[in-house]
Amino acid sequence: MLGLSTPALASDKDVNKENGLQVEAGVTSININTASAKELMKLPGIGKSKAEAIVKYRQDNGNFQSVEDLAKIQGIGKQTVKALAGKASVR
């Protein structure tokens, strides 16, 4: 080799559990099981009241098994869940 080195990559996935963000191949998704209401509000179609409802539901019922489980919350329908594809995660 010509004495050139390339930076080592730890993995193609970098998880920051402190703030509920997950970065995979350069795309950031928000972990709905760990994100604060403020972080959840960054998701499309999720305002303050829906974000607070997500946090309350999670506190009352435990972690979500899938992003589709958000449809169990009043005010969050299939269209909102569909808009979250690739932007929200449960891991």
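The values are calculated or read from the model by the stated rules, or taken from the named source; none is laboratory data. The shown structure was predicted, so the numbers you read here are calculated from the model rather than taken from an experiment. With ideal geometry, Cβ positions are generated from the backbone for all residues, glycine too; neighbour counts draw on all protein chains shown.
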Query raised in the report: Within segment 48-91, which residues are touching a residue at least 24 places away in the same chain (Cβ under 8 Å), on the phi < 0 side of the Ramachandran plot and assigned to a loop (DSSP other than H, G, I, E, B)?
Result: 63, 64, 65, 66, 76, 84, 87, 90, 91
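Okay, residues lined up against (1) β-branched (Val, Ile, Thr); (2) at pLDDT below 55; (3) over 18 Å from residue 82 (Cβ atoms); (4) not in a loop (DSSP other than H, G, I, E, B):
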| site | (1), (2), (3), (4) |
| --- | --- |
| 8 | no, yes, yes, no |
| 11 | no, yes, yes, no |
| 22 | no, yes, yes, yes |
| 30 | yes, no, no, yes |
| 33 | no, no, yes, no |
| 38 | no, no, yes, yes |
| 46 | yes, no, no, no |
